[in-house]
Amino acid sequence: MATTRQRRIARITGIAYLGIVVTGIFAEFAVRGSLVVADDPAATARNIAASPELFGVGIAADVVMVALDVTVALGLFALLRHVDRRLALTTTVLRLVQGAVIAVGLIGLLPVVGLANGAVAADGTVLLGPAQSALDAVERHALVYDAGLIAFGLSCLVLGHLMRTERLVPRVLAIGMSATGAVYLAGSLAALVAPGLSAAIDPFYLIAIVVEPAFAVWLIVRGLRAPASTPT
């Protein structure tokens, strides 16, 4: 039976996980998705120059997301280390690697507003050199982000395996976490080495959109079940 401390850690971890979902979606879709126009540096520069505060808020949301990711990683380790210390450490380290890679990638976004402002003249004309540099910086960040998600996908696969074999959550949720890991892994590898496949993989991210918040809510409401085997 879960102790009071374990239930408290599970709730904090679940709340932090929900925070990751909210801040990640906001930064990636509400901010960059609304400002960045693929293959159009002029439109991208105009959008960012017109909404520099929004772009900055997106970076801040990513910083919060990384901090919450560290919270979740440590929280999961605290919950899982008595179940299987080796696998708990593996999923935690992979998640921390993801956070570190994404944090480093955010540095590349810092000059974007300045580049966009420098690209857009007072009369609205756009200098393509600085505009292209701004778009290139955003696209490099996206690639670094995907590189980080490779580690995250592996972390989800390990977590899903551990939850399934030890029956820590309902089977459908454990399988869903494994599927989430597979989707992130496939999607990120495709973005890095075979971008033409990305469109075919994108619909499968619906699995992650359902499973991750469901797992977070489960942690908040129920916590993890007692392991099926003797803790290692």
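The values are calculated or read from the model by the stated rules, or taken from the named source; none is laboratory data. Quantities reported herein were computed from a predicted structural model and do not represent experimental measurements. Counting neighbours? That spans all protein chains shown, and the Cβs are built from the backbone with ideal geometry, glycine included. Heads up: the accessible areas ignore ligands, DNA and RNA and are worked out on the full protein's heavy atoms, side chains in. Shrake-Rupley method; radii C 1.70, N 1.55, O 1.52, S 1.80 Å.
What are the pairs, 6+ residues apart or on separate chains, where a residue within the range 58-71 that is touching a residue at least 60 places away in the same chain (Cβ under 8 Å) and of a type in the set (A, V, I, L, M) has its Cβ under 7 Å from a residue that is assigned to a helix (DSSP H, G or I) and open to solvent by 20 Å² or more (accessible area, probe 1.4 Å)?
Qualifying pairs under 7 Å: none.
In the range 154-168, is there at least one residue being at positive phi, among the basic types (Lys, Arg) and either surrounded by fewer than 22 Cβ atoms within 10 Å (Cβ to Cβ) or in a helix (DSSP H, G or I) (or both)?
Yes, the conditions are met somewhere in the range 154-168.
Select the helices (runs of 4 or more DSSP H) contained entirely in the range 37-107, then report the ones holding at least 1 residues which are open to solvent by 30 Å² or more (accessible area, probe 1.4 Å), among the charged types (D, E, K, R) and farther than 22 Å from ALA119 by Cα.
In the range 37-107, 85-107 are the helices (runs of 4 or more DSSP H) which contain 1 or more residues that are open to solvent by 30 Å² or more (accessible area, probe 1.4 Å), among the charged types (D, E, K, R) and farther than 22 Å from ALA119 by Cα.
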